[in-house]
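Beneath this line is the structure, given in structure tokens, with notes to follow.
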Amino acid sequence: MGKYDVILLDLMLPQLDGLTVLQELRDRRDPAHVLIITAKDEVDDWIRGLDLGADDYLVKPFALEELLARVRALVRRRYVARAPVIRVADLEINTATRVARRAGTVVELTAREYAVLEYLAHRPGQPITRNAIREHVYDFDEDPDSNVIEVYIASLRTTRELHGRPRLIRARRGIGYVLGEPARCDL
């Protein structure tokens, strides 16, 4: 099984009980946050799920916007971004509003460019592989072109950055990309 930031878990699975799956995840010490999604709305069910290690509970039916907000909150917790603003050098990313600023100026980003930038910003100074970025940005049923990550990175590094400002994203040949302080970035 792969590593996930957040797992959406329905309690009423066809072959297994969702709480059994949750128990197995926690017995394996899987660090992923678990958001239980279920039609069961009894308080006892909520308590049992939370006591077994779920991080949040959402009762069907629910608004998609609420689900997405809860997932974003769990991802922020996963990477210990307690404040909604991530700062790397003169780059500021507000994860609540999904707005990036460079030297105080708003940087216009597509949804995927923002997703790539935020993913890197949660791991400043750490080399992140192209595959890790691809897995984070794309759904399972999508098959992105082989160079699509490079295209997003190139866009973030050139046209989206302010002219005259040092680049914050550098390539690590054979490894991936690093977001970091300008003095440490060579590209």
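Within the set Asp27, Asp90, the sole residue that is among the acidic types (Asp, Glu), more than 18 Å from the chain's Cα centre (by Cα) and under 29 Å from Ser155 (Cβ atoms) turns out to be Asp90. All of (1) acidic (Asp, Glu); (2) farther than 20 Å from Ala121 by Cα; (3) surrounded by 11 or more Cβ atoms within 10 Å (Cβ to Cβ) hold for Glu42 with one exception: (3). Taken over the stretch 45-55, the criterion of being crowded, with 18+ Cβ neighbours inside 10 Å and either assigned by TED's automatic domain parsing to the domain that holds Tyr119 or within 30 Å of Arg134 (Cα to Cα) (or both) is satisfied by Ala54, Asp55.
Give me the residue from the stretch 90-109 that is β-branched (Val, Ile, Thr) and free of Cβ contacts under 8 Å to residues at least 24 places away in the same chain and, out of that set, surrounded by the most Cβ atoms within 10 Å (Cβ to Cβ). Don't jump to the end; show me each part of the working.
Step one: filter the stretch 90-109 for residues β-branched (Val, Ile, Thr), giving 93, 95, 97, 99, 105-107.
Now restrict to residues that are free of Cβ contacts under 8 Å to residues at least 24 places away in the same chain: 95, 97, 99, 106.
Working: Thr95: 21, Thr97: 9, Val99: 15, Val106: 10.
Restricting to residues being β-branched (Val, Ile, Thr) and free of Cβ contacts under 8 Å to residues at least 24 places away in the same chain, the top hit is Thr95.
Taking Arg70 as the residue in question, decide whether it is among the basic types (Lys, Arg) and either touching a helix residue (DSSP H, G or I) at 6+ places or on another chain (Cβ under 6 Å) or surrounded by fewer than 17 Cβ atoms within 10 Å (Cβ to Cβ) (or both). Break it down into steps so the answer makes sense when it comes.
Values: among the basic types (Lys, Arg): yes; either touching a helix residue (DSSP H, G or I) at 6+ places or on another chain (Cβ under 6 Å) or surrounded by fewer than 17 Cβ atoms within 10 Å (Cβ to Cβ) (or both): no.
Against the criterion (among the basic types (Lys, Arg) and either touching a helix residue (DSSP H, G or I) at 6+ places or on another chain (Cβ under 6 Å) or surrounded by fewer than 17 Cβ atoms within 10 Å (Cβ to Cβ) (or both)), Arg70 does not qualify.
When residues in the stretch 120-134 are screened for being surrounded by 20 or more Cβ atoms within 10 Å (Cβ to Cβ) and part of a helix (DSSP H, G or I), 3 of them pass. If you go through the stretch 124-148 and keep only what is at pLDDT 85 or above and of a type outside the set (S, T, N, Q), you end up with Pro124, Gly125, Pro127, Ile128, Arg130, Ile133.
The values are calculated or read from the model by the stated rules, or taken from the named source; none is laboratory data. Just so it is clear, the model here is predicted, and its values are computed rather than measured. Cβ sites come from the backbone with ideal geometry, for glycine too, and all protein chains shown count toward neighbours.
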